[in-house]
Structure formats: structure tokens, C-alpha cells
1. Please work out which one of (1) assigned to a helix (DSSP H, G or I); (2) within 30 Å of Val116 (Cβ to Cβ); (3) among the hydroxyl-bearing types (Ser, Thr, Tyr); (4) open to solvent by less than 90 Å² (accessible area, probe 1.4 Å) is the condition Thr155 fails and give its number.
2. Which residue out of Ala237, Ala187, Ala210, Ala231 is under 25 Å from the mean Cα position of the chain (by Cα) and either small (Gly, Ala, Ser) or open to solvent by 70 Å² or more (accessible area, probe 1.4 Å) (or both)?
3. Please name all residue pairs, on different chains or six or more residues apart, with Cβ atoms under 6 Å, provided the first residue is in segment 144-161 and is in contact (Cβ under 8 Å) with a residue 40 or more places away in the chain and the second residue is part of a helix (DSSP H, G or I) and open to solvent by less than 70 Å² (accessible area, probe 1.4 Å).
4. Which pairs turn up if I take residues in segment 256-268 that are more than 7 Å from Asp164 (Cβ to Cβ) and at pLDDT 85 or above and look for partners that are buried (at least 17 other Cβ atoms within 10 Å of the Cβ) and among the hydrophobic types (A, V, I, L, M, F, W, C) with beta carbon separation below 7 Å, at least 6 apart in sequence or on another chain?
5. Checking the conditions here, which among Val91, Val116, Val98 is in contact with a helix residue (DSSP H, G or I) (Cβ under 7 Å, 6 or more places away or on another chain), hydrophobic (A, V, I, L, M, F, W, C) and either over 24 Å from Ser27 (Cα atoms) or open to solvent by 40 Å² or more (accessible area, probe 1.4 Å) (or both)?
6. Going by the structure shown, is Ala58 without any contact (Cβ under 8 Å) to a residue 60 or more places away in the chain, assigned to a helix (DSSP H, G or I) and buried (at least 21 other Cβ atoms within 10 Å of the Cβ)?
Amino acid sequence: MAQKVAVLGTGKIGEALLSGMIRAGWSTSDLMVTARRPERAEALRTRYGVETVTNAEAAKAADTLILAVKPQDMPALLEELAPHLPADRLVISAAAGVPTAFFEQRLPEGVPVVRVMPNTPVLVDEGMSVMSAGSHATEEHLLRTEEIFKPVGKTLRLPESQQDAATALSGSGPAYFYYLVEAMTDAGILLGLPRDKAHDLIVQAAIGAAVMLRDSDEHPVRLREAVTSPAGTTISAIRELERHGVRAALIAALEAARDRSRELGTGGA
């Protein structure tokens, strides 16, 4: 029997999931969306041919609800859903930092919850979605969640105790690479290259390096050593990165992101 899926709070990530499900063969008659602004709901209906509903209507009609709102908006959404949500519905949360227990305490007893942390490359079908099962979620619920997220990238199951670390590493991860590309582009300009040429050189280097990391089965150290010849240009650059504590700064940055994820999960503003 077909499963009906509702995406609640259909922003960029929610729309990416919606688009991915349609490309993967989901019938638009089995998909529904909610949006805060009527004009946004109408745009989604026109673009994808899906039904637009209220949050309460979605809770009553959908077998699976994907909650794609911001963490600070989650309490109000759950309060709205709880009176209408049967206990056999699957709830998938894509809100950073919010633990499954938060949902289980506010929804009817026994509702299965799966927590997912996608990152923004889901917008180009190259995302990583890290998922953890709540206390009532079964293997069948995890498989259903993977079916939704696999069209937009890879999925990975982790214990929920590791979700904050995964958020720091993967959920926020693309931003670190953008930051690095920005800094390297500025360096290229300083070295005399036009901005557009520096950008193209760095982006292609990043794509090539990522593909080699993914496909070569080599450890990053081995790949780096293959570029680092004795007394050459690369080792001179690596020496400066180490002298300025770049490795230590990255570790500290990831710890800060993990800690912030924990704060969001406890209601930190």
C-alpha cells in the first residue's frame, strides 16, 4: 500500500527532499507539503503538483511526517500536531540538535521518531544524512527514512549519542570548505591571479581531491604525501599551516559546533 508523506515547513532542505522523492518515482498524489506563507505553499503546489495542507491535516492524513522547521520553531509545531497525530505515524526530524526524547515527550505515547541531520549538498543530490532511531523506531522505520533521503545523497546510521558530533562534522561541514575556498581565493588574488581564475583553480582542485578521497581507498595522509615532494612547494605551505595552528583551530571549531548543537537540543537560544 502506498505511503503518504508530508513535508512540514518546506524550505530549501524540505523542497530538496520533496524533489528527490519525485525524481525517485514517488507519486505526487502520495506527497503533501505545508508552508508558513500561503504564497510559498502555492509555489510548491504549482512547481511539483503536490497537495498543500495545514499541519493538522498533514498529521491526520500522512503516514510519515518530515519536520523540516528550525529548532526554535519545533515546540510550537509539536503542540499543533500532537492532538491530531495517531501513534502509528512515523515522525522524521531534520532539526539540528533536537533529541528524539524531545519529540517523544510532546507527542502521543509510542510515536516512532527518527532524527536526521542532512547537510546542504542535498540540494545537488550529494548530501550526507545522518540518522538515529528514537526509542520507539524500528528497523522498518529506519528503512523508510533511508528511502526518503537516499535520492539526495548518502545516508549513515549512528547512535543518537553521536549526533551532535556528526552535526559538527557533516551538518556544518560544507561551510568549512566554503570558508577555506574563500581564503584560498583571497590568497590567489594576493599572488597575482584574477579572482575568477583563482576561484576556478581552487574549486576544481577541491572537486578532484574529493573524488580521489572517495574513490581511491587511500588514507588522506597518503594522498597528501603523494603531492608533497622533498623541499618542494607543498611542504613549504604545510609547514606554514602547522606553524599557524590550522589543525588545532579546526579541532577547536568542531568542538564549538558540537557544543552549540547540544545547546540547541536543550533549548539554547
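1. The single condition Thr155 does not satisfy is (1).
2. Ala210
3. Pairs found: Pro151/Gly20; Val152/Ala16; Val152/Gly20; Val152/Val122.
4. These pairs meet every condition: Ala257/Ala168.
5. Only one candidate passes the filter, namely Val98.
6. Here the answer is yes, as Ala58 does meet what is asked.
The values are calculated or read from the model by the stated rules, or taken from the named source; none is laboratory data. As the structure is a computational prediction, the values presented were derived from the model and not from experiment. Methodologically, a virtual Cβ is constructed for each residue, glycine included, from the backbone with ideal geometry; neighbour enumeration extends over all protein chains shown. What goes into the accessible areas is simple: the full protein's heavy atoms, side chains included, and nothing from ligands, DNA or RNA. Shrake-Rupley method; radii C 1.70, N 1.55, O 1.52, S 1.80 Å.
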